[in-house]
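Derivation of every value follows stated rules applied to the coordinates shown; laboratory data play no part. All of these numbers come straight from a predicted model, not from anything done at the bench. Here the Cβ positions follow ideal geometry from the backbone for every residue, glycine too, while neighbour counts run over all protein chains shown.
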Amino acid sequence: MIVPDTVDQIFVLSKHWLLGYVPTALQPIVSAILSVAPVLVVFPLLFAITTVLERKGLGRIQNRYGPNRVGPYGFSQPIADGIKSLTKEDIVPRSADQVVHLLAPLLLVMAAFLAYAVLPIGRNMVLTNLNAGVLFFFAVGSMVELAVFMAGWSSRSKYSLLGAMRAVAQMISYEVPLVLASIVVIMASGSLSTVAIVNLQASYTSIWPHWFIFTPWGFTGFVLFMIAATAESNRSPFDLPEGESEIIAGYYIEYSGFKFALFFLGEYLGMFATSGLAITLFLGGWAAPFSFLTWIPSYIWFFAKLLALICVFIWIRGTLPRLRMDQLMGLAWKFMLPMTLLNIFTAGVWHFMPSGFTRWLVCTSLLIVPCLLLSRGLKQRKKLQIRTYRFAE
Amino acid sequence: MTLFFLIAAALTIAGTAAAMSLRNPIHCILSLTLGLVGLAVLYLQLGAQFVGFTQVLVYVGAVAILAVFAIMMTRSAGSPQQPAFSRSWLSGSAVAVVVFAVLAWAISSALPSTKIVPPQPAVSVNQIGDALMHKFALPLEIIGLLLTAALIGAVIVAMPERRETP
Amino acid sequence: MSPLNAYLLLSALLFSIGLAGVLTRRNAILVLIGIELMLNAANLNFIAFWRYGPNPAALTGIMFAIFSIAIAAAEAAVGLGIILAVYRHTKTTDLDQLNSMKG
Amino acid sequence: MDWIVKNLWLVPALPILAGAIIALAKQRHRVFAASLAIASMAVSFFLSLGAFVHVLSLGHGESVRQSFNFNWFQFGNEWLKLGWILDPLTAVMLLMVTFVGLLVFIFSIGYMADDKNFTRFFCFLALFAGAMLGVVIANSLLLLFMCWEVVGLTSYLLIGFWYANPRAAAAAKKAFLVTRIGDLAFFLGMAWLYSQTGTLLFFDGGAGCLEHSALTALVTHTTIFGLTISTGIALLIFCGAAGKSGQLPLHVWLPDAMEGPTPVSALIHAATMVAAGVFLIARIYPLMSAHIASLSVLTPTVALQVVTWVGACTALFGALVAVAQYDIKRILAYSTVSQLGYMMMGLGVGGVSVGMFHLITHAFFKSLLFLGAGSVIHGCSGEQDIRHMGGLRKFMPLTFAAYTCGMLALCGFPLFAGFWSKDEILHAAFAYSLTRVPFYMGAFGALLTAFYMTRQLFYVFAGASNRPAAPQDFAHEEPAAIEHGHHAPHESPAVMTMPLVILAVFAVLLGFMGTPLWPWFQSFLDGEHVIFSFAPFTAALPLMLVSSLLVFLGLGLGWLLYGRKPIEDCEAPDALEQVQPHIFSVLEHAFYVDQLYDATIVRLNTWAALLCDWLDRWIWNGAVQTFSHLVLALAWLDNFFDINVVNAGFDAGCQTVSRGSRTLSLLQAGRIQGYLRMIGLALIVLVIFLLWGARA
């Protein structure tokens, strides 16, 4: 089917077409710009959509309408928010550290955007096909914590600092399981390059795709990855740092105006990036779910899966209560970490065992039993501990 | 001596110099991260992607945050009262300068300035993985052991004594 | 000035900056950072020699760099742990005051 | 062994015992002292008589000599033996000494009556007599030497009896020293003899040193200048004798010895002590005359020639000087020196008997003259200068008579004692085989003797009394005479004149025992039978005529110069002086021998003393001082070293160590960055080495 192929590669072809007009000297720079620009455009738009989607979704979950005043069914709400944030006065606390205060949101957004360089949106539609793509993703991902800390500390207020410290602690704790969960896929696929991983999953047996999610370690890996991802992006059950009921707005409390908007942009972009990675690792990236659906262009599949995950996030946000800080930490270090290690172990076992039902049985049991044990361990300590906060003294 | 190299070098030097000279520790650490990112870029330019990304991951992600945490916990976050530099800063910097001079002299005089530039060695993560697993298996194990030991050690050292007398 | 020399000079500069920081900073943490910097300078050397060295395929430079990074991280962790412990006892991280090991 | 030989030691022992007792007695026991001394002397005299008789009875030949030896003390495994001997020589001497001593003792009772040290005087006299007798009977040269020394001591004590008078003390000291020089030589000779012969006994049944075996041993060896050992020893012993008998070089002490009381001079410096030297030579005559068998017996040995020459010179010298003396005792002293010279010459030329005969006769008339002089001085209350005397013939007739007998005997007036003995000497000298010179010297001496005796006689006894109004020089006065106080000269009491008479008798008669007609004395001494014969007499007749002619010539000259016109002015120079003033003054000063000695030996002695003093003060003392200073310096150095180097050094060392450690500790300042800085520097150095090494 030629038509789907050209449609599939429409963006790639158009880029090459456009490059033809560019003098050779500037060739590399222009090609870079051309490939980066669409990403910079598409994902903020997605951000706008998700804000509306989230507010309407939460409303629906909470049995109320979301924003419906602005534009049809409130879908132009983001435009209104955007205008609001642009027009709001940018108040900077006097004692704040001006430079760091300004840099924090920029760094956050930049880190988020950098993450997309590696995600294969469509077939042959990856900004840079790095050999150590996943590693790049996590390297860039780690900058986010620094940005959060800068924001929290530079605004010189107790609440922002406390929120920042909590956010950083949380993000660091969940980065470990995040990485370990992804390692399972890397181990299985044998390569760090996201493109290779997707290509590996692009094949089909009969109509079933070879996605990793359809393997016991793949599925647990996906679940753990998603839990860690939500924690990474400070959303839903893990949004303790900026929980309104806790410490108002957490580390971006002193921000207002456009910088406030940037923080939100950064946060959502971070969420899209981690879910994008989840898609590439576990859900086959731009691969169609079924062999007969491959005619639909690859990027469509990527964004469809992305929207699905966003809905899941919104769904989780609406339903799960907020975790307490020590429960959050305990979950990370006492449940997630062992499970991911175990998952890596089962992936190893899976790899060496001959395929077949026994392999399924063994692996699933290997995963289910410890999961139950570990989770019971968490439930035992029911009584509330007196939370003691103290500095290093 | 491509322009890209110069930019990266300038970035690194600026970041590190600032890291060592700023008064506020937090600023130092942030500038340090900048410097280290510059260094990672240099690694990428040299073709060692894996090392560059690990560098960023380890230093920017972990060490910087750790340093910040340390600063936060030792209450030296605020603008420090005493002067930032130790009393005998002059002699220290003098020693550093002399060291640099000697190393520079050594470098410039020792190596033959071969103009030919060997081709960019293509290194893939697979090759690194293989090397790690085969030729450098033992060091890997040792590093693993060392990291766990360090982990436990750091925790024990930093942990407040259980029987803290009031 | 071959590229290798450039890199070496850069690493030497980095090293001496790190050394200067170590020798002059008063705050223990910053001294630790200075040390980190010196280690990075060494790493840069490794990669530079790997890149422009005779036998890039051997990957020794990279390996060394990786291990060095790992160790540096571990070292930073332990160092900061010690600094915290010292702070807990002496309530200060000022190196000039921490001279109880005086002879 | 007869009783007398065994107990011969009593003769010297009694006077010594008496002397000891008197020494313990108080000064006021004057009678007790005098009587004890005289009694001991008398007993000794009788014992001597017994010994003389015993010797007479012994007969002749070698058996005449009897000696008694005993062990004195043992050193090593040898016994030192002493002993005494009784032979004609001893017997004669014993008789002479004891008899003359007795008479002098008696005379000195009167003479010393006014002296407060009367007992002490007698103590010394007794001691002297005992010692003199010891010398006479000694059979061992050692015993003889010991008694010889005691004699010297007593002569010193007696000469210096009036020790308050400085001249007397000086004279005593001079006498003692000069005789001591002689005694030293005597001692060396004795030691040499002992080393050669191994014994000092004269006659020890064949083993004695004067017996044949020892003599032959001595004669065979020769020493320096080719002299035989016997001659060497003899000469040394002769020096001792010369010292004691006042021979030429050592005669200076005799004239000065007149400072002592007159009896002393009489006994010691006329009869006995001075005779001891001659007796000694007579005693060891066999040694003197020992010669190797090849020489004939008559040729005199070197020793005897020396004795002869010394004797002749002394005789002439004494006579010459006596002519120009003014002091009565000084004239007699020089006459004694001259007569001793004659005795020595007699021994040298004639042999033992000739010398001894003159000794015996001389002892009697010389002691007579001295005692006469003593009574004259006593009478003139201490005046001794003959120019202040005169015309004593009227005041002291008995003394004058005795004195003239003695003077005639001394001059050798025919038929008097002196004539026979002097003639014997002149005869022997005439017959001397070697030279005739001693004879001429002797003859001229005899002439001078006659001359100065007549001069003295006329000065003292003839003419008017030219005593000065007052005594000029107290020093010259006899302390005893001063007490008298009255000026007119008077005859001495009987106690003094009686010995004079006895002596006068002997002076006249004694000569007949040794005339050529009947030479009893000579044969007695030689141990032969005496033969009465005219032959020797007729042989000696011409010589006797010549000598008597000389005597008459001397007397005539004396009478010519001094007899004709009595001497009124005591200050007027002597008649002889008017004739030959220069010679007269030389003679008066005894050839300036005293001055010569002073100039040479005494000055040498003082120089030596000064040298020794200087040496001691500067050299030895200096050495000791420098050494002590050296030690001090060393000690100071050591102290200095100890303080500055050791301590200071140690402290400095410690300080440097502590300072060094302090500076080193600064390195450990506890500041980490300090250490790091140092490590940085080390790095730099290391790199430099590395590269610098690489390039080389």
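Using the beta-carbon distance between D:Phe73 and D:Leu517 and R0 = 45 Å, what value does 1/(1 + (r/R0)^6) give for FRET efficiency, to the nearest 0.05? According to the calculation, E is roughly 0.30.
If you build the Cα gyration tensor of chain D and take the root of 5 times each eigenvalue, what three semi-axes come out, in whole angstrom, biggest first? Please list the in-between numbers first.
On the way: eigenvalues 1100, 228, 140 Å².
Whole-Å semi-axes of the equivalent ellipsoid: 74, 34, 26.
Placing one equal scatterer on every Cα of segment D:638-696 and applying the Debye formula, the log10 ratio I(q)/I(0) at q = 0.12, 0.17, 0.19, 0.21 Å⁻¹ is -0.59, -0.72, -0.78, -0.84. Taking a label point 7 Å from the Cα of D:Ile679 along the Cα→Cβ vector, which residues of segment C:72-103 have an amide N closer than 19 Å to it? Under cut-off, by backbone N: C:72-84, C:86, C:94-103. Ordered by the count of other Cβ atoms within 10 Å of each Cβ, fewest first, A:Ser154, B:Ser21 give B:Ser21, A:Ser154. Sorting A:His101, D:His54 from the fewest to the most surrounding beta carbons within 10 angstrom yields D:His54, A:His101.
So, with +1 on the Cβ of K and R and -1 on the Cβ of D and E, and no other charges, what is the size of the charge dipole of chain D about its Cα centre, to the nearest 20 debye?
On the way: 33 positive and 37 negative charges, 348 e Å.
That gives a dipole near 1680 debye.
Once a ≥ b ≥ c are taken as the square roots of the eigenvalues of the Cα gyration tensor of segment A:91-371, is the result rounded (a/c under 1.5), prolate (a/b larger than b/c) or oblate (a/b not larger than b/c)? Because a/c hits 1.5 or more and a/b exceeds b/c, segment A:91-371 counts as prolate. Residues whose amide H comes within less than 5 Å of that of A:Gly122, counting only those at least five positions distant or on another chain, are absent (H built at 1.01 Å from N in the peptide plane).
In this structure, the amide hydrogen of D:Gly412, modeled 1.01 Å from its nitrogen in the peptide plane, lies closer than 5 angstrom to those of D:Gly418, D:Phe419, counting only residues at least 5 positions away or on a different chain.
Of the cross-linked pairs D:Lys174/D:Lys422; D:Lys26/D:Lys366; D:Lys26/D:Lys174; D:Lys174/D:Lys329; D:Lys329/D:Lys394, which ones have a Cα-Cα span greater than 23 Å in the structure shown? Numbers along the way, then the final one.
Details: D:Lys174/D:Lys422 31 Å; D:Lys26/D:Lys366 33 Å; D:Lys26/D:Lys174 30 Å; D:Lys174/D:Lys329 18 Å; D:Lys329/D:Lys394 21 Å.
Violating the 23 Å limit, Cα to Cα: D:Lys174/D:Lys422; D:Lys26/D:Lys366; D:Lys26/D:Lys174.
Applying the Karplus relation 6.51 cos²θ - 1.76 cosθ + 1.60 with θ = phi - 60° to segment A:163-174 yields 3J(HN,Hα) values of x, 4, 4, 4, 4, 4, 4, 4, 5, 5, 4, 8 Hz, where x marks Gly and Pro. Listed by chain and number, the lysines whose C-alpha is less than 27 Å from the C-alpha of A:Lys56, apart from same-chain residues fewer than 8 away, are A:Lys84, A:Lys88, A:Lys259, A:Lys305. Centre-to-centre separation between the Cα atoms of segment A:187-215 and those of segment D:579-626: 152 Å.
Mean projected area of the Cα convex hull of segment D:248-290, taken over all directions, amounts to 3.4 nm².
Percent of alpha carbon pairs in segment D:319-459 separated by more than 17 Å? Pairs farther apart than 17 Å: 57 percent. Taking 15 Å as the cut-off, the amide N atoms of segment D:652-696 that come nearer than this to a point 7 Å along the Cα-to-beta-carbon line of C:Ser100 belong to D:670-672. Under the simplified labelling scheme, the C:Lys91-B:Ile13 pair shows an inter-label distance of 4.4 nm, with each label point 7 Å from Cα along Cα→Cβ. Taking every C-alpha pair closer than 8 Å and separated by at least 6 residues, the mean separation divided by the residue count of segment D:68-107 gives a relative contact order of 27 percent.
For D:Leu634 and D:Thr656, what does the FRET efficiency come to when R0 = 25 Å and r is the distance between their Cβ atoms, rounded to the nearest 0.05? That gives a FRET efficiency of 0.25.
Kindly state, to the nearest 0.05, the FRET efficiency for A:Ile79 paired with A:Leu13, given R0 = 45 Å and r defined as their beta-carbon distance. Working shown, then result.
Numbers: r = 32 Å, r/R0 = 0.71.
Efficiency at R0 = 45 Å is approximately 0.90.
Sorting D:Leu447, B:Leu140, A:Leu293 by the number of Cβ atoms found within 10 Å of their own Cβ, with the fewest placed first, yields A:Leu293, B:Leu140, D:Leu447. Sequentially through segment A:66-80, phi angles give Karplus couplings (6.51, -1.76, 1.60; θ = phi - 60°) of x, x, 9, 7, 8, x, x, 6, x, 6, 8, 3, x, 4, 5 Hz, Gly and Pro residues having no value and appearing as x.
Volume per residue of the convex hull around the Cα atoms, evaluated for segment D:1-44, comes out as 47 Å³.
From the alpha carbon centroid of segment A:282-351 to that of segment D:404-441 is 184 Å. Note on D:Val624 and D:Leu415: the model spin-label points, each 7 Å out from Cα along the C-beta direction, lie 7.5 nm apart. Distance between the C-alpha centres of segment D:632-671 and segment B:6-73: 57 Å, rounded to the whole angstrom.
Stokes-Einstein diffusion of chain C at 10 °C, 1.306 mPa s viscosity, Kirkwood radius from Cα pairs, rounded to a whole number: 104 µm²/s. For the pair D:Tyr194 and B:Leu6, label points projected 7 Å from Cα toward Cβ lie 13.3 nm apart. 3J(HN,Hα) couplings calculated from phi for segment D:262-276 with the Karplus curve 6.51 cos²θ - 1.76 cosθ + 1.60 (θ = phi - 60°) are, in sequence order, 4, x, 4, 4, 4, 5, 8, 9, 10, 8, 8, 4, 4, 6, 4 Hz; Gly and Pro show x.
Within the listed set A:Leu366, A:Leu341, A:Leu40, the residue fluctuating most in the Gaussian network model of chain A (springs between alpha-carbon atoms under 10 angstrom) is A:Leu40. Could you estimate the translational diffusion coefficient of segment A:1-66 from the Stokes-Einstein equation, with Rh from the Kirkwood formula over C-alpha pairs, at 4 °C and 1.567 mPa s, in whole µm²/s? Reported coefficient: 87 µm²/s.
On the principal axes of its alpha-carbon atoms, segment A:28-87 has extents of 52, 27, 18 Å, going from largest to smallest.
With the contact rule set at Cα under 8 Å and sequence spacing of 6 or more, what percent relative contact order holds for segment A:91-371? Dividing the mean separation by the residue count of segment A:91-371 yields 25 percent. For the protein assembly as shown, the normalised intensity computed at q = 0.05, 0.09 Å⁻¹ comes to -0.52, -1.09 (log10 of I(q)/I(0), Debye sum over alpha carbons, equal scatterers, no solvent).
In percent, how large is the relative contact order of chain D, given Cα pairs closer than 8 Å and 6 or more residues apart?
Details: 1107 pairs, mean separation 78.6, N = 696.
Answer for chain D is 11 percent.
Label zone (D:Ala431, point 7 Å along Cα-to-C-beta; backbone nitrogen cut-off 12 Å) within segment D:524-561: D:535-541. For segment B:1-76, the calculated P(r) over all alpha carbon pairs, in 10 Å bins from 0 to the bin holding the longest distance, is 22, 46, 26, 7, 0 percent.
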